[in-house]
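The values are calculated or read from the model by the stated rules, or taken from the named source; none is laboratory data. Values in this document were obtained by computation on a predicted structure and should not be read as measured data. Cβ placement follows ideal geometry from the backbone for every residue including glycine, while neighbour counts extend to all protein chains displayed. Please note that ligands, DNA and RNA were not included when accessible areas were found on the heavy atoms of the full protein model with its side chains. Shrake-Rupley method; radii C 1.70, N 1.55, O 1.52, S 1.80 Å.
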Amino acid sequence: MPDQPVRRKRMTAERWVELLTTALDVMREVGYEAMTMDAVAVRARCSKATLYRIWRGKPQMIVAALYATRRVDTGAIDTGTLRGDLLALCGQLVADVQRDTELLAALAHAVLIDPELASAMRTSLVEPESAALDGFVERAVRRGELTARPAAVEFLPQLMFVMLMARPLTEGAFLDMDYATRYIDLAIMPALLTNCPVVPPSFES
């Protein structure tokens, strides 16, 4: 979870979300590099000192905003099959796909030039989501759905990220369930099943 605020006296939950939403709105408009704490303070009708009492700086504020406003809850998914889990995750992704794709696109360059932002995002967002995806595969192994842990699981987070981000570039459209289902069935599942076949069902005479 992102850094906890240093102080939140007299701040309601609604005001807390308002500050974080404002930070994301400003970033969407001007980009991460041009975004300043001053601009967020003006838009949110608070002092810059207030923001710095809560967050050490812009990276921590943006990561906290991404965490607090996220729509995806990977850890809550457990459908009983690996494919079902992946499709359930896709269902969450497409629910607000334009917003999330635009946010990730806005941060794509920023993480390359701001090591503090990259580190905060990995710790608070990427690593927990990667662990949840790993949990999908571990459950599949325990169920006997997979004979062993597949080597390709190392790249599962990257494969899911590419699914979300590549379609606007290659096809001029955002992710939808039809595209996601074909991607899961034709790209991700075959990669996970390579050298790790599904256990065949047993038939009793």
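A simple charge model with +1 on the Cβ of Lys and Arg, -1 on the Cβ of Asp and Glu and nothing else charged puts the dipole of segment 26-69 at about 180 debye relative to its Cα centre. Charge dipole of the chain (Cα centre as origin; +1 on each Lys and Arg Cβ, -1 on each Asp and Glu Cβ, all else neutral): 1020 debye, rounded to the nearest 20. Shown here: segment 1-111, whose C-alpha atoms stretch 49, 30, 21 Å along the first, second and third principal axes, sorted largest to smallest.
Surface composition of the chain: carbon and sulfur make up 58 percent of the accessible area, probe 1.4 Å. A simple spin-label model places pseudo-atoms 7 Å from Cα toward Cβ; at Arg149 and Thr181 they are separated by 3.2 nm. What segment 73-205 shows is 54 Å² of accessible area per residue, with the surface traced by a 1.4 Å probe over protein heavy atoms.
How fast does the chain diffuse by Stokes-Einstein, in µm²/s, taking the Kirkwood radius from C-alpha pairs at 10 °C and 1.306 mPa s?
On the way: Rh = 18.9 Å.
This corresponds to a translational diffusion coefficient of 84 µm²/s.
Could you state the number of Å between the C-alpha centres of segment 33-71 and segment 85-124? Spelled out, the Cα-based centre of one part sits 18 Å from the other. For Met165, the solvent-accessible surface computed with a 1.4 Å probe is close to 40 Å², ligands and nucleic acids excluded. Contact order, relative form, for the chain: 22 percent (alpha carbon pairs under 8 Å, 6 or more residues apart, mean separation divided by residue count).
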